[in-house]
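Asker: I have a structure I would like to understand better, so I am pasting it below and will then ask my questions one at a time.
The values are calculated or read from the model by the stated rules, or taken from the named source; none is laboratory data. Everything numeric in this text was worked out from a predicted model, so none of it was measured. Quick reminder, even Gly has a Cβ in these numbers, built from the backbone with ideal geometry, and neighbours come from all protein chains shown.
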Amino acid sequence: MIQFYIPLNFLGFIYREIKQAIVDIEAMFAVLQVAPEVTDRPGAPDLVVSGGTVRFEDVRFSYDEGREILKGISFEVPAGRTVAIVGPSGAGKSTLSRLLFRFYDVSGGRITIDGQDLRDISQESLRAAIGMVPQDTVLFNDTIAYNIRYGRPAASEAEVEEAARLARIDGFIRATPKGFKTEVGERGLKLSGGEKQRVAIARTLLKAPPILVLDEATSALDSHTEKEIQDALDRVSEGRTTLVIAHRLSTVVSADEILVLADGKVAERGCHAELLAKGGLYAALWNRQREAEDAAAALARAQAEE
Ligand code: ADP
Ligand code: MG
């Protein structure tokens, strides 16, 4: 009975996560092609980053009139710290990251970086200050080196290789037919989700932005890949202001603050231990994730025995 229940439950878990990723990519494309309402003010100055403190002050937002997605969200990510956002699918987590990039303007409240309202600074300077490691990286149909160097076009070959090493992807690259000159993408070498994510991490390491947004991949990765990506993510977020949409237990446990988003509001907030002790929504999410991880481990063991 239990043997049947666990894998089925786990597959359902993966399916929901994949579906969500597809929704996110589509939403991202829609945003990149449209978003005409977001424009620079005439003569808008560039963002000046001192420490990189991010503040959301009573932020409200709706994509469509009549349906408010964020209903007054306030939090601060102090310079160099990490805040994790967790919560059920559809709660508004990815919307927070889109607003920080100013793909949309808030409909109430404000978002600031080191005290500067996002609406008062140039979009170019804003996006130069933020690095994003998305859940699903789209690579260019070009070489691996090109895909990494995109983070900082002026980077030298040695810098590209160092970024790949820190992102734990250099071993993989060297094993490909032409190394860094191997073509990837549609007509080239197909990379797995974990490999693509590490290319995105290398790209971000090269960009070296003061502020980072991570939309973490999920436990659909095998545990070895997960460990490598976790190491790479730890490196990229070291000393940077980091907002992470967290799926990994390790990130959540070590975050300076965790926000549990539900129905467009902050339902709970605190550090891991405080939230567990509370026995509320966070504790329930945590226990469910643990179950899924245990099931994944059981599945891997069963496959290894075959
Ligand atoms: P999460 O990342 O927490 O799963 P999202 O921030 O992606 O949630 O979405 C929050 C809500 O906003 C969902 O109900 C979603 O359907 C809706 N939504 C997301 N993108 C759009 C969009 N481009 N237009 C209209 N509604 C959207
Ligand atoms: Mg999302």
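Asker: Can you pull out every residue in the stretch 244-291 that is small (G, A, S), touching a strand residue (DSSP E or B) at 6+ places or on another chain (Cβ under 6 Å) and in contact (Cβ under 8 Å) with a residue 60 or more places away in the chain?
Answerer: Correct list: A246, A255, G264, A267.
Asker: Taking the options I130, I121, name whichever one is more than 16 Å from ligand 1 (Cβ to nearest atom), under 20 Å from the mean Cα position of the chain (by Cα) and β-branched (V, I, T).
Answerer: I130
Asker: I'd like to check something: does the stretch 113-122 contain any residue that is surrounded by 17 or more Cβ atoms within 10 Å (Cβ to Cβ) and more than 26 Å from E37 (Cα to Cα)?
Answerer: Scanning the stretch 113-122 turns up no residue that is surrounded by 17 or more Cβ atoms within 10 Å (Cβ to Cβ) and more than 26 Å from E37 (Cα to Cα).
Asker: Applying the selection to the stretch 86-117, what residues are among the basic types (K, R) and either within 13 Å of ligand 1 (Cβ to nearest atom) or part of a helix (DSSP H, G or I) (or both)?
Answerer: Passing the criteria: K93, R98.
Asker: Another question, then. Filtering the stretch 170-188 down to residues that are touching a residue at least 40 places away in the same chain (Cβ under 8 Å) and not small (G, A, S), which residue is surrounded by the most Cβ atoms within 10 Å (Cβ to Cβ)? Give the derivation first.
Answerer: We begin by selecting, within the stretch 170-188, every residue touching a residue at least 40 places away in the same chain (Cβ under 8 Å); these are 183-188.
Restricting the remaining residues to those that are not small (G, A, S) gives 183-184, 186-187.
On the way: E183: 16, V184: 22, E186: 8, R187: 8.
Result: V184.
Asker: Something else: Do any residues in the stretch 43-54 that are among the acidic types (D, E) and modelled with pLDDT of 95 or more have Cβ atoms under 8 Å from those of residues that are in a loop (DSSP other than H, G, I, E, B) and surrounded by 13 or more Cβ atoms within 10 Å (Cβ to Cβ), where the two are at least six apart or on different chains, and which pairs are they?
Answerer: D46/I121; D46/S122
Asker: Would you confirm, using the coordinates I've provided, whether I113 is closer than 15 Å to M132 by Cβ, modelled with pLDDT of 95 or more and within 14 Å of ligand 2 (Cβ to nearest atom)?
Answerer: no
Asker: How about the stretch 63-73: which of its residues are touching a strand residue (DSSP E or B) at 6+ places or on another chain (Cβ under 8 Å), more than 16 Å from ligand 2 (Cβ to nearest atom) and in a loop (DSSP other than H, G, I, E, B)?
Answerer: Across the stretch 63-73, the qualifying residue is only E68.
Asker: Is there a residue in the stretch 112-127 that is closer than 27 Å to K227 by Cβ and in contact (Cβ under 8 Å) with a residue 40 or more places away in the chain?
Answerer: no
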